[in-house]
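Beneath this line is the structure, given in C-alpha cells, with notes to follow.
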C-alpha cells in the first residue's frame, strides 16, 4: 500500500515544481498539499474504500484547482501591469483536471451502480474536459441501459453540444428499445424531433425563404387578428405599383413551404404518439404531456390531433378518477383559484365543470366521483359566501342556485346508492347549515335506521346534533332527555369510547342538572368502559367523568365514582393519574392515604410504567416519611431493575 501511494505522490513532483516556479503556491503550502493528498491516497488504498473517500478527495482537488486559477489570474494581472507577457499554459494547468478525472474513473469502476456518482463525473467532463465525454457516456450507457435519464442525457449532449442531430436520434431510438415504458424518454424524443424541425424552419426564416415558426404564440395571433380587422391602417404606400403581384406570389410560396414544415411536424407527432401509446397504453400522464406539446406547437391539423388525443383519453380512462378530475380542472382559466360566480365568465366556467361531472357520474357512478363533484360545488359556494341559516346567501345571489344544485346532487347520489359515510354526514350538515334542522334530524334518523345503522360517523353526528339542538332550544323536558339518552345507549353499543370524546362531554353537560339521567349516564359510562377499557394515553372517558364530578360536586363524590372505576378490569392509566392529581390538590387530611391506594391499585396493572413509579416516589418524598419513600425506592428498584430513573436519591 505504501509503495503505491509513494509512487502516485512522486508522479506529482513535476506539477508541484511548476506551481512553485510560477509562484502560485509557497513551499509551505505545497507541503500541506502533499500531506493532504497522501492522506486521501491512503484512504483510497484501503481494502474497501468508501464512496465518501472518493468524494472528499475530488472536492479537495476541485477547491485546490479553483484556488490555482484565481492565483494565476492575479499573477497575470501583475505581469500585465508591469508590461510583461501573460502566463502561458503549462503542466500545472492540466494536471489537476487529469487527477480529478482519474479519481472519478477509479470511483465509477468500484461503484458502477451509483448513478449520482456517474452524473457528477459527466457534469465535470462537460465543464472541464469535453474530450473525455463520449467515452464516459459510452461507459454509463453500457452499465445502465435501463435508466432513461442516461439516454436522455447522452442524446442532449449530442444534440446541443456536438450539434449532431442524427447521432442524438440514434441514441434516443436505442434508448427506447431498452426502456419502452419510460414516459420521459418518449416525451423527450418527441421534443427533440420537433426542436430539430423548428431549427430547420428557423434557418429557412433567416434565409428569407419562409415566414413564421412552429412555436405557437398567442400574442402574435392576437396582433395579426387586430391588423386584419384594421387593415386600412396598414395600407402600403406603393399599393398601386405593379410589384405587388410578385410579392403576393412570393408570399404564397412562403406559406406553402411553411405548411410543408407544419405537415412534417404533424406526421412526426402522430407517429411518435402512436408508438408511445402502444408501448404504454395505461399511462394517463403520458397522454397529458403529449396534449401539452400539441397545444404549445403550431402544427398542421393540430386541432384534429388534439381532439383525437382527448377522444382516446376518454375511451381509455373514462373509469379513472384522475381523468375526470383533470378534465374538470382543464375547464378553469386559473386552476389555482375558484371561479367568481358573480361574473358571467365565472358562472360559465362553473357550468362547464358541472357538465363534466354530470357526464362522469354517468360513466362511473361511485362515492369517490360524487365526493369530487360535491367538493367542487362546496368550494364554489364557500368561496362566494357561506350558507347561512334561513337560506340566506351573503356574497352572491347566484350562490343559491348552486346550493339547490348541490342538494340535487346529494339526492342523486342517494338514489344511485353512492352515498358513503362521509357524504351522508355532509348531506345532513347541508340541511342543518341551511336552517332546516328538522329535515336534518329526519335524514340522520333515516340513515341510522337504514343502511348506515353500523356507521360510527353517522351515529356520532346524529347524537351530537340532537344534543346541540336540545341545548340551544332549551328543550330539557323529560321526553327530549329520554330520547337523547336512548340514542346514547344505542350509540355506545356501536361505537368505541375513544371515538366519541366530544359526545360524552356534551352529554355530561346536558344531563348535569338532571340527577336521574346523570346517574343513568354514569352507569352507561361504566358499561362502556367495561366493554372497551380505559385509555392509557390521550382522551380518557373515566378521567373526564371524575374531573367533571369533582368540579360540580366536590372531591367526596368524585371518590365515590372512581372507587367504582377501579373495580373494572382496566380503567386506564389516565384515570389513575388524574385521580391522584385531584387527591394531592385537595386539602383533605385523608388525601395522601387515598393517593397511596390509587398508586397501589395502578401499579397492580402498570407495574412497568416508569412515570408512575417516579410520581409515587416524588409524592412520598414531599408528603410522606423517609421510611415510606425508601420502601417505594426499593420496590421500584426490584421491579424495574434500576432505580436511577427516580429523580431524587434515596433519603438518608
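Annotation for segment 196-211: no member residue is part of a helix (DSSP H, G or I), within 34 Å of the chain's Cα centre (by Cα) and loosely packed, with under 14 Cβ neighbours inside 10 Å. Look at residue 58 and say whether it is touching a helix residue (DSSP H, G or I) at 6+ places or on another chain (Cβ under 8 Å) and under 30 Å from residue 115 (Cβ atoms). It is true that residue 58 is touching a helix residue (DSSP H, G or I) at 6+ places or on another chain (Cβ under 8 Å) and under 30 Å from residue 115 (Cβ atoms).
Residue 46 meets each of the listed conditions (1) modelled with pLDDT of 85 or more; (2) in a helix (DSSP H, G or I) apart from (2).
Filtering segment 69-89 to residues that are closer than 20 Å to residue 26 by Cα and assigned to a helix (DSSP H, G or I) leaves 69, 70, 71, 72, 73, 74, 75, 76, 77, 78, 79. Only one of the numbered conditions (1) more than 28 Å from residue 642 (Cβ to Cβ); (2) out of contact with any helix residue (DSSP H, G or I) (no Cβ under 7 Å at 6 or more places or on another chain) is violated by residue 526, and that is (2).
To keep it simple, each residue is scored yes or no on (1) at pLDDT 85 or above; (2) within 22 Å of residue 518 (Cα to Cα).
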| position | (1), (2) |
| --- | --- |
| 536 | no, no |
| 541 | no, yes |
| 564 | yes, yes |
| 570 | no, no |
| 582 | yes, yes |
| 589 | no, no |
| 597 | yes, no |
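With respect to residue 619, determine if the residue is modelled with pLDDT of 85 or more, farther than 27 Å from residue 526 by Cα and part of a helix (DSSP H, G or I). Yes, satisfied. The number of residues in segment 411-445 being without any contact (Cβ under 8 Å) to a residue 24 or more places away in the chain and either touching a strand residue (DSSP E or B) at 6+ places or on another chain (Cβ under 7 Å) or buried (at least 16 other Cβ atoms within 10 Å of the Cβ) (or both) comes to 6. Listed by first and then second residue, the pairs with beta-carbon distance under 8 Å, at least 6 apart or on different chains, first residue in segment 519-530 and farther than 10 Å from residue 542 by Cβ, second modelled with pLDDT under 80 and exposed (fewer than 15 other Cβ atoms within 10 Å of the Cβ), are 530/569. Going by the conditions given, is residue 52 within 46 Å of the chain's Cα centre (by Cα), in a helix (DSSP H, G or I) and exposed (fewer than 11 other Cβ atoms within 10 Å of the Cβ)? It is true that residue 52 is within 46 Å of the chain's Cα centre (by Cα), in a helix (DSSP H, G or I) and exposed (fewer than 11 other Cβ atoms within 10 Å of the Cβ).
Taking into account only those residues within segment 61-90 that are touching a helix residue (DSSP H, G or I) at 6+ places or on another chain (Cβ under 6 Å) and free of Cβ contacts under 8 Å to residues at least 60 places away in the same chain, which is farthest from residue 22 (Cα to Cα)? Among them, the one singled out is 61. Restricting attention to segment 1-55, the residues that are free of Cβ contacts under 8 Å to residues at least 24 places away in the same chain, in contact with a helix residue (DSSP H, G or I) (Cβ under 7 Å, 6 or more places away or on another chain) and under 21 Å from residue 105 (Cβ atoms) total 3. Of the helices (runs of 4 or more DSSP H) lying entirely inside segment 505-586, those carrying at least 2 residues that are at negative phi and within 41 Å of the chain's Cα centre (by Cα) are 515-532, 541-553, 573-585. On the given criteria, is residue 607 surrounded by fewer than 20 Cβ atoms within 10 Å (Cβ to Cβ) and outside any helix (DSSP H, G or I)? Yes, satisfied. Go through (1) under 25 Å from residue 639 (Cα atoms); (2) surrounded by 17 or more Cβ atoms within 10 Å (Cβ to Cβ) and name the single condition residue 548 misses. So residue 548 meets the others, but not (1).
The rows are residues; the columns are (1) closer than 19 Å to residue 115 by Cα; (2) touching a helix residue (DSSP H, G or I) at 6+ places or on another chain (Cβ under 8 Å); (3) surrounded by 15 or more Cβ atoms within 10 Å (Cβ to Cβ).
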| site | (1), (2), (3) |
| --- | --- |
| 142 | yes, no, no |
| 168 | no, yes, yes |
| 174 | no, yes, yes |
| 177 | no, no, no |
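Of the residues making up segment 278-297, those that are assigned to a helix (DSSP H, G or I) and either surrounded by fewer than 17 Cβ atoms within 10 Å (Cβ to Cβ) or within 28 Å of the chain's Cα centre (by Cα) (or both) number 13. For segment 91-125, the set of residues classified as surrounded by fewer than 16 Cβ atoms within 10 Å (Cβ to Cβ) and free of Cβ contacts under 8 Å to residues at least 60 places away in the same chain consists of 94, 98, 102, 105, 109, 112, 113, 115, 116, 119, 123, listed by residue number.
The values are calculated or read from the model by the stated rules, or taken from the named source; none is laboratory data. Fair warning: this is a prediction, and the values are worked out from it, not measured in the lab. Cβ: placed from backbone, ideal geometry, glycine included. Neighbour counts: every protein chain shown.
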